[in-house]
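Okay, structure first, notes after.
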Amino acid sequence: MRSGLVLIALFIVSRYGLANDLSVAYQSSSSTPLDNPHDLKLSPDGKYLFVSDLGNNRVVLLDPETLSFVSAFGADHQSGTHDIDFDARGQAYVADTHNNRVTIYRIDNTSATLTGELKGPVRGPEGVLVHSNARVYVAGAWSGNVVAYERGRVVSELGGLSFPHDLEEDADGNIWLSDSGNHRVLLLSPELKILRELGQAAYDFNGVRYMDLLDDGTLIVADKNNHQVKFIGPDGKLLYVIGSGKREEGPGKFATPEGVEVRGDTLWFSDSGNDRVVKYVIQRR
C-alpha cells in the first residue's frame with residue numbers, strides 16, 4: 001500500500017500494556033528504488049529526508065511529505081552507506097562504512113560536495129553523531145568501539161562493545177547508543193562513561209539498530225531481528241511496539257527495520273528488508 005491514511009492498532013505484547021491516549025496512523029511508503037535503506041535524517045531546514053541507501057552506496061534525498069525522490073549523491077565514492085548527521089553549519093557527516101571513514105559534505109540545497117573525512121581507530125563505522133558540544137561521535141561496528149573527535153582529533157574512546165550502531169543525543173546532552181551485538185541500549189555521558197543500560201531481558205531486543213527521541217524523551221528503537229519498532233518511556237518502561245514480530249510488509253508491519261527519524265508527531269522508518277521508507281503519524285486523544 002503506497003498511500004492513504006490507515007489507522008492501525010499498535011501490536012502490544014500483552015504484559016506491557018498500552019498507553020491509552022496514543023495511537024499511530026500509517027500514512028505512506030516510498031516508491032523510489034532503494035536497496036536496504038538504513039538510517040534517516042531530516043535536513044536542518046526540514047525540507048529533505050536524507051536516506052542512507054546502503055545497497056546503492058549513496059545518500060538519497062526524499063521529500064519528507066510525499067516520500068518522492070529529489071536527488072542522490074555519493075554513489076561514485078561511497079561504499080556501504082549507513083548513517084548521516086548534520087553539524088551546526090549544515091554540513092553532512094556520512095558513515096561510509098566499507099571505506100572505514102566518515103565523509104564530510106558541504107550541502108547546497110540538493111547538491112553535496114565532498115570536503116573532508118574522519119578516520120582513526122574505528123573500523124566499519126555505522127553510526128555518527130554531531131553533538132551540541134561540537135564533538136563528532138562515531139560508532140565502529142567492526143572495531144567494537146565509540147570514538148569522539150574534536151576538530152578532527154580523537155579525544156576519548158569507549159571499547160568493549162559488540163557491533164555498536166546508532167548514537168543519539170538526549171535533552172541533557174547525554175548519548176544513547178545501540179550496542180547491537182549485545183542486544184542492549186546504553187546511555188553514555190559526553191565523556192563516554194556508561195550511565196544506564198536497557199538490556200535484552202527487559203525489552204527482548206534482538207539486534208537493536210537506529211533510534212530517535214520524541215520531545216518528551218521517549219526513545220524509539222528499531223529492533224531489527226524482531227521486525228519491530230519499540231517505544232520506551234523516559235522511565236524505562238516499554239510502552240508499545242509496532243510490528244508483529246514476523247517478517248512482513250504492510251501497514252504496521254516490517255522486515256528488518258533499521259532507520260528512525262522523528263519530527264514532532266511524524267515518524268519515518270526504514271523498512272529495510274522491504275527496501276522502502278515508511279511514514280507514520282502519532283495521534284493523541
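Just one of the listed residues (SER111, SER143, SER132) is among the hydroxyl-bearing types (Ser, Thr, Tyr) and surrounded by 14 or more Cβ atoms within 10 Å (Cβ to Cβ), and it is SER143. Listed here are the strands (runs of 3 or more DSSP E) enclosed by segment 18-117 that have at least 1 residues being in contact with a Leu (Cβ under 7 Å, 6 or more places away or on another chain) and among the basic types (Lys, Arg): 101-108.
Looking only at residues of segment 197-214 that are without any contact (Cβ under 8 Å) to a residue 40 or more places away in the chain and in a strand (DSSP E or B), we find that the one that is farthest from VAL154 (Cα to Cα) is LEU198.
Restricting segment 175-219 to residues that are among the acidic types (Asp, Glu) and closer than 18 Å to VAL130 by Cβ, the residue that is nearest to the chain's Cα centre (by Cα) is ASP212.
Of the residues making up segment 34-91, those that are among the basic types (Lys, Arg) and either within 23 Å of LEU118 (Cβ to Cβ) or in contact (Cβ under 8 Å) with a residue 24 or more places away in the chain (or both) are LYS41, ARG58, ARG89.
Restricting segment 170-193 to residues that are hydrophobic (A, V, I, L, M, F, W, C) and assigned to a loop (DSSP other than H, G, I, E, B), the residue that is farthest from ALA139 (Cα to Cα) is ALA171. Within 18 Å of PHE50 (Cα to Cα), of a type in the set (A, V, I, L, M, F, W, C) and in contact (Cβ under 8 Å) with a residue 40 or more places away in the chain: is that true of LEU239 in this structure? Spelling it out, it is not the case that LEU239 is within 18 Å of PHE50 (Cα to Cα), of a type in the set (A, V, I, L, M, F, W, C) and in contact (Cβ under 8 Å) with a residue 40 or more places away in the chain. Close Cβ contacts (under 9 Å, 6 or more residues apart or on different chains) running from residues in segment 252-267 that are in contact (Cβ under 8 Å) with a residue 40 or more places away in the chain and closer than 19 Å to HIS227 by Cβ to residues that are small (Gly, Ala, Ser) and in a loop (DSSP other than H, G, I, E, B) comprise GLY252/ALA9; GLY252/GLY243; GLY252/SER244; PRO257/GLY243. Go through the residues of segment 68-81 one by one and say whether even a single one is surrounded by 15 or more Cβ atoms within 10 Å (Cβ to Cβ) and acidic (Asp, Glu). No, that holds for no residue. Only residues that are charged (D, E, K, R) and within 14 Å of PRO125 (Cα to Cα) were counted across segment 135-184, and they come to 3. Does segment 159-175 include one or more residues that are modelled with pLDDT of 95 or more, hydroxyl-bearing (Ser, Thr, Tyr) and in contact with a Leu (Cβ under 6 Å, 6 or more places away or on another chain)? Among the residues of segment 159-175, not one is modelled with pLDDT of 95 or more, hydroxyl-bearing (Ser, Thr, Tyr) and in contact with a Leu (Cβ under 6 Å, 6 or more places away or on another chain), which makes the answer no. The set of residues from segment 57-115 being acidic (Asp, Glu) and within 17 Å of GLU258 (Cβ to Cβ) comprises ASP83, ASP85, ASP96.
Checking each residue in segment 20-53 for being over 24 Å from ALA255 (Cβ atoms) and either crowded, with 18+ Cβ neighbours inside 10 Å or touching a His at 6+ places or on another chain (Cβ under 7 Å) (or both) picks out SER43, TYR48.
The values are calculated or read from the model by the stated rules, or taken from the named source; none is laboratory data. In this text the structure is predicted, and so the values were computed from the model without any measurement. Backbone-built Cβ (ideal geometry, glycine too); neighbour counts: all protein chains shown.
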